[in-house]
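Take a look at the structure set out below.
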Amino acid sequence: MAKIIASVNCSHVPAIGAAIDLGKTQQPYWVPVFRGFEPSKKWIAETRPDVIILVYNDHASAFSLEIIPTFALGCAAEFPPADEGWGPRPVPVVKGYPELACHIAQSVILDEFDLTIVNKMDVDHGLTVPLSLMFGQPKEWPCRVIPLPVNVVQYPPPTGNRCFQFGKAIRRAVESFPEDLRVVIFGTGGMSHQLQGPRAGLINSKFDANFLDRLIRDPVALTRIPFVEYVREAGSEAIELVMWLIARGALDDDVREVYRFYHVPASNTALGHIILENAGKTRAAGKKKSRATRKRRVAR
Amino acid sequence: MTKEPMTHPANPPPPGTPVEFSDIPGTTLFDMQRSRQGYHLNMFCMSLMKPDNRAEFKANEAAYLQKFPMTPEQRDAVLKRDWNRMIELGGNIYFLSKLFSSDGLSFQHVAALMTGSTQEQYAQMMLQGGRSIEGNRSKSRRKSARSKPERRKRG
């Protein structure tokens, strides 16, 4: 059986991708950001997921205003990095997992989540920056990635509750897939930030700290935050945080905080990051699976 | 959800805008009506993702803009690079990013322009923890609190 074992939530600030791609990670401005992800890189190297389901939003790259899917799932074998106006990021092509993605799509639609299926899609910084933060600059991404773009650009985005329930449906879908796979779900975007208008630059660290605390212990309370409150309290682009609730919904009610990191500023944004594991998971089981996974990866 | 009445003839908030939202200072809601209004402006920006289109636009901006059925106000705002005006006219920041990226500008650079700060002031504000939420939640409460001193970082 496939199983979602953990979630990784983090911001996906495009300037972080640019800092990596242009070799600026040692500049004083960026040093604290990348140092903050060192424990995360170790964690994911030890955890060795077979598949990442990566919840993010497309920023007018793959989807223009022609088609605006609320929830979409990438079912292709490959997803090239998008040219967002300054050329594609020099990162590996993302390898999908069509068999699992198609299974998830069928399962969640029958579970009453009317997903859009995407068989051809470029992926922008929303997806590639979290991978870069967690894996650095490998020649190939070390596992398969299923992109799950969510509309948070045009009002109305899905509600927090809808996102949380969708996470639960994804979990049911993954757990009904017969292959033995370790899955980590990423919820990306946020935290407080506003990129537009005279109020640009807004940061609310109290809101963010509270969000992180409640994500662990009381995510249901977070699902009741209305759209307007995200915008008022944490900036017009902080609505991306509803995507963290998809990842949280896919985990057990009880989770363990593995790691947390928070830093202001990353460009215009409060960078937030938290890793949660299902409370039932044991280290030993994780390590044992890792070896089996390694063998399977070699065989591919 | 209640609807916003059209109170400001010059720039009425689009129908369907939640009332509460219009009380947030310095912030524009990119809802479906505004998206409809800004469709061709945003699709123009999107076209700049292709290198050939960027070159054609740079060679003659006004002529290139004629290829898109935008309003004269929208074309004017693009030519003047009036970012706040583009947002008022239905532009969305992620679409506008294709335009300012092709100008070689960053999100932070354009954010500073939209707030009316210098680049240095804005960068400094971000390094000091960003724009404070205090005094920036609500237009109506801001007015009522105007006589009292308030602690807020200015950009």
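The values are calculated or read from the model by the stated rules, or taken from the named source; none is laboratory data. What you see is a predicted model, and the numbers here were worked out from it, not measured in a lab. Cβ sites come from the backbone with ideal geometry, for glycine too, and all protein chains shown count toward neighbours.
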(request) Could you pull out the residue among B:Q128, B:Q124 that is out of contact with any helix residue (DSSP H, G or I) (no Cβ under 8 Å at 6 or more places or on another chain), more than 7 Å from chain A (Cβ to nearest Cβ) and touching a residue at least 24 places away in the same chain (Cβ under 8 Å)? (result) B:Q128
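Given the residues A:I68, A:I52, which is the only one that is within 14 Å of chain B (Cβ to nearest Cβ) and β-branched (V, I, T)?
Values: A:I52 fails: within 14 Å of chain B (Cβ to nearest Cβ).
Matching residue, one of A:I68, A:I52: A:I68.
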(message) List the helices (runs of 4 or more DSSP H) inside the stretch B:83-127, counting only whole elements, that have at least 3 residues being at pLDDT below 95.
(response) B:93-102
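Which of the following residues is outside any strand (DSSP E or B), under 23 Å from A:W30 (Cα atoms) and away from chain B (no Cβ under 14 Å): A:L212, A:L195, A:L251? Don't jump to the end; show me each part of the working.
Details: A:L195 fails: away from chain B (no Cβ under 14 Å); A:L251 fails: under 23 Å from A:W30 (Cα atoms).
Residue meeting the stated conditions: A:L212.
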(message) I'm trying to understand the selection: among the residues of the stretch A:10-30, which are more than 17 Å from A:F261 (Cβ to Cβ), small (G, A, S) and in a loop (DSSP other than H, G, I, E, B)?
(response) A:G23
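Considering the stretch A:64-88 alone, what residues qualify as being under 19 Å from B:L99 (Cα atoms) and within 18 Å of the chain's Cα centre (by Cα)?
Kept after step one, since they are under 19 Å from B:L99 (Cα atoms), are these residues of the stretch A:64-88: A:64-66, A:82-88.
Scanning the stretch A:64-88 gives a single hit, A:A82.
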